[in-house]
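For reference, the structure is listed below as structure tokens.
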Amino acid sequence: MQSRSLAALLLAGDLACGPPAPECPPATAVDPARAQAVLATARSTRPGHGLDGGATICFGGHDRGSVLASGAVVIADSLDRPAAAARLIHLRLHVADGLHRFPTPGVACEAQMEAARAAEARAITAEIEACDELGCAEPPYSFAAAVLAAAPEARIDLVLARLRDEPAADGLGLMLRNYRARCEAAR
């Protein structure tokens with residue numbers, strides 16, 4: 001009887017805690033103190049206001065950052081706190097938009113590509129705006145000044161138009177070609 005009660009308590013505890021947090025990939029690490037500092041900095045901005053703290057944040061890698069299929073966020077060690085916070089906002093928007101699960105089976109690739117471009121435009125705009133608020137040493141994109149010069153309500157459309165051109169600058173063309181390849185491979 002006592003072993004059944006213990007088993008029931010363990011199961012209830014497992015269910016109450018929910019699924020385990022996603023793990024960090026090799027060559028990255030969890031740094032709780034840094035993650036909390038980056039999250040607090042991100043939340044101090046207009047684009048990061050209300051950002052939840054539920055995601056696993058990993059540090060490492062050579063890219064500025066990415067979001068994994070699990071929803072975990074990887075931010076480059078080389079980014080200082082303001083740049084890391086702006087990147088975190090960008091990546092958490094991808095999770096909110098479901099872009100970390102791209103592609104969606106059974107949906108035409110061109111429709112998915114348009115949704116990906118729109119999600120990227122929102123995330124890029126938020127990252128640029130957050131970097132500006134935080135006084136990042138370097139803008140995250142070469143066209144950041146043009147985005148910031150536009151009226152706030154026109155910024156996302158400006159970035160979306162740029163993404164539709166699939167420019168080589170800032171790795172945007174490569175990023176979009178990778179989205180397309182993933183979508184076509186899933187068909």
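Taking first residues from segment 96-116 that are open to solvent by 60 Å² or more (accessible area, probe 1.4 Å) and partners that are outside any loop (DSSP other than H, G, I, E, B), the Cβ contacts under 7 Å between residues at least 6 apart in sequence or on separate chains come to 97/119; 104/112; 105/186. Check segment 108-130 and report whether any residue there is touching an Asp or Glu at 6+ places or on another chain (Cβ under 7 Å) and over 20 Å from residue 66 (Cβ atoms). Yes, the conditions are met somewhere in segment 108-130.
If you take the residues of segment 29-78 that are open to solvent by 60 Å² or more (accessible area, probe 1.4 Å) and of a type in the set (Ser, Thr, Tyr), which of them is modelled with the lowest pLDDT? Per the criteria, the residue is 70.
Here is a yes/no grid of residues against (1) of a type outside the set (Phe, Trp, Tyr); (2) open to solvent by 90 Å² or more (accessible area, probe 1.4 Å); (3) under 23 Å from residue 39 (Cβ atoms):
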| site | (1), (2), (3) |
| --- | --- |
| 139 | yes, no, yes |
| 144 | yes, no, yes |
| 171 | yes, no, no |
| 187 | yes, yes, no |
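Filtering segment 72-112 to residues that are farther than 13 Å from residue 25 by Cβ and within 9 Å of the chain's Cα centre (by Cα) leaves 87, 88, 89, 90, 91, 92, 93, 94, 95, 96, 99, 100.
The values are calculated or read from the model by the stated rules, or taken from the named source; none is laboratory data. Predicted, not measured: the structure shown is a model, and the values here were computed from it. Glycine gets a Cβ as well: all are built from the backbone with ideal geometry, and neighbour counts include every protein chain shown. Calculation scope for accessible area: heavy atoms of the full protein, side chains included, ligands and nucleic acids excluded. Shrake-Rupley method; radii C 1.70, N 1.55, O 1.52, S 1.80 Å.
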